[in-house]
Structure formats: C-alpha cells, structure tokens
Amino acid sequence: MDEIKILVVDDESRMRKLVCDFLQKRGYRTYEAENGEQAVDLFFEKKDVNLIILDVMMPKMDGWQTCREIRQYSKVPIIMLTAKGEEKDELLGFQLGVDEYISKPFSPKILMARVDAILRRSGTAEEKLEVGGIVVDKAAHQVTVDGVPIELSVKEFELLTYFITNRGVALSREKILNNVWNYDYFGDARTIDTHVKKLRSKMGEKGAYIKTIWGMGYKFEV
C-alpha cells in the first residue's frame with residue numbers, strides 16, 4: 001500500500017510540529033498548512049491526502065470554511081481541533097461532515113489513537129508491513145521473522161516499524177531519537193545503539209538488514 005498522507009492545518013507552527021512529529025513517528029507522511037486558504041490549495045494540488053487534521057481558529061480562512069470548501073468535492077476524513085469546547089461548535093462541525101472533534105489542549109497520544117481508528121474505519125490504514133521475510137503486525141503488535149514470532153519490547157517494536165517504514169533512507173541518530181523516543185525521552189543517542197544491538201540479535205541473520213552508517217546512524221536495507 002502507498003504511504004498514508006495527512007494534512008495538518010494550524011496557524012501555530014509549534015502545534016503543527018508537535019502533531020507532525022507524532023504522525024511521522026507512526027509512519028505517516030505529513031503536509032503542513034498555516035491557514036485555510038493554503039490548506040485548500042494544498043489539498044487540491046496534492047490530490048493524495050488521506051486525512052486532514054484541521055484547526056478552527058485561523059487567519060484568512062477558518063476551519064469551518066475550509067471544511068465547507070473541501071466537503072463540496074471530497075469525503076476525506078477530517079479531525080477538527082479547537083480551543084472551544086462548546087456543544088454548538090461540535091454540532092456545527094458534525095453538520096459540516098467532520099469525522100472527529102478534539103478540544104485543545106489534548107493528549108497527542110489520544111489524537112494518534114483517533115487518527116488510527118478513523119483510517120481503519122476508512123480502510124486506509126496499513127496494519128501489516130512485510131519486507132524480506134519480516135512481518136510487522138501493527139494491530140496485534142507482533143513481529144515474525146520467516147514465520148517465527150519474536151519477542152520485542154515496545155521500543156524495539158517501534159524502532160523496527162520506523163526502520164521498515166523508512167527503508168532505504170539513511171537515518172541519523174537524532175532523527176531516530178526524535179521519531180521513536182520523541183518527547184518522552186531526554187537522554188542521549190547511545191540508547192539507540194543499545195536498542196539496535198538487541199534488535200539485531202533477536203532478528204538473527206535478518207538483523208543484517210539494519211546497516212550501520214558510521215558517524216551518522218542507520219539504514220534499513222534488504
């Protein structure tokens with residue numbers, strides 16, 4: 001299946017970065033827009049957006065109008081973000097065809113759970129990754145190597161998923177740390193080397209797919 005693309009629309013760059021970092025950590029590709037006009041232009045230009053995360057209060061064109069514009073032509077799933085928690089706003093959102101409604105401040109992990117659930121409902125989410133005899137079942141949180149299940153810790157599972165999703169791409173330790181450990185971790189990059197060593201060991205000969213790029217990081221290559 002092709003990579004899943006999510007359009008994140010918010011006039012606060014800090015909020016966009018937070019949401020995009022979490023989405024990328026889960027293997028999604030992100031596009032960003034800082035207002036409604038930019039979002040509509042980007043949506044029709046790219047033609048491959050699978051889901052939109054849309055803020056309500058924005059300059060140039062607010063989230064409501066953005067939703068109206070897109071809904072004239074597309075039923076793409078939309079999650080609305082707003083600082084307001086008023087019932088009438090939620091009702092307006094659902095009348096306009098919003099799929100989910102989340103009030104700020106929100107937990108990024110809750111947002112990710114909603115994203116995954118909506119993509120599953122719309123039949124978009126890729127639940128299994130298969131490459132070189134390795135199968136990562138995201139829904140069951142299981143990994144098999146040549147049909148044999150292997151036991152991985154949560155971080156080892158997330159690390160392998162990130163490597164496979166970005167196969168063929170040279171990944172710096174900093175990028176891996178930001179995407180797999182994200183905001184939960186404030187240590188140094190040596191923890192990555194430790195986890196890679198354990199992961200390679202558990203994968204047996206398939207551990208060789210995780211190539212070391214000296215002085216930089218790693219690359220997953222079959």
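In region 12-37, the residues that are at positive phi reach residues that are part of a helix (DSSP H, G or I) and crowded, with 18+ Cβ neighbours inside 10 Å with C-beta atoms within less than 9 angstrom, at least six apart or across chains, in these pairs: 27/161; 27/162; 27/164; 27/165. Screening the candidates 76, 56, 40, 49 for the property of being surrounded by 15 or more Cβ atoms within 10 Å (Cβ to Cβ) and modelled with pLDDT under 90 yields one hit, 56. Within region 1-60, which residues are closer than 22 Å to residue 120 by Cα, part of a loop (DSSP other than H, G, I, E, B) and either in contact with a His (Cβ under 9 Å, 6 or more places away or on another chain) or not acidic (Asp, Glu) (or both)? Correct list: 1, 4, 26, 27, 28, 47, 49, 50.
Taking the conditions exactly as written (open to solvent by 40 Å² or more (accessible area, probe 1.4 Å) and touching an Asp or Glu at 6+ places or on another chain (Cβ under 6 Å)), does residue 211 satisfy them or not? Spelling it out, residue 211 is indeed open to solvent by 40 Å² or more (accessible area, probe 1.4 Å) and touching an Asp or Glu at 6+ places or on another chain (Cβ under 6 Å).
Scan region 108-123 and give yes if some residue there is basic (Lys, Arg), at pLDDT below 85, surrounded by fewer than 12 Cβ atoms within 10 Å (Cβ to Cβ) and under 16 Å from the mean Cα position of the chain (by Cα), otherwise no. Within region 108-123, one or more residues are basic (Lys, Arg), at pLDDT below 85, surrounded by fewer than 12 Cβ atoms within 10 Å (Cβ to Cβ) and under 16 Å from the mean Cα position of the chain (by Cα). Among the residues of region 21-45, those identified as among the aliphatic types (A, V, I, L, M) and more than 17 Å from residue 56 (Cα to Cα) are 23, 42. Is it true that some residue in region 159-178 is surrounded by fewer than 17 Cβ atoms within 10 Å (Cβ to Cβ) and in contact with a helix residue (DSSP H, G or I) (Cβ under 6 Å, 6 or more places away or on another chain)? No, there is no match, as no residue in region 159-178 is surrounded by fewer than 17 Cβ atoms within 10 Å (Cβ to Cβ) and in contact with a helix residue (DSSP H, G or I) (Cβ under 6 Å, 6 or more places away or on another chain).
The values are calculated or read from the model by the stated rules, or taken from the named source; none is laboratory data. Bear in mind the structure is a predicted one, so any value in this text is a computation, not a measurement. Because the Cβ atoms are built from the backbone with ideal geometry, glycine has one as well, and the counts that use them run over all protein chains shown. Quick note on the areas: whole protein, heavy atoms, side chains included, nothing else; ligands and nucleic acids left out. Shrake-Rupley method; radii C 1.70, N 1.55, O 1.52, S 1.80 Å.
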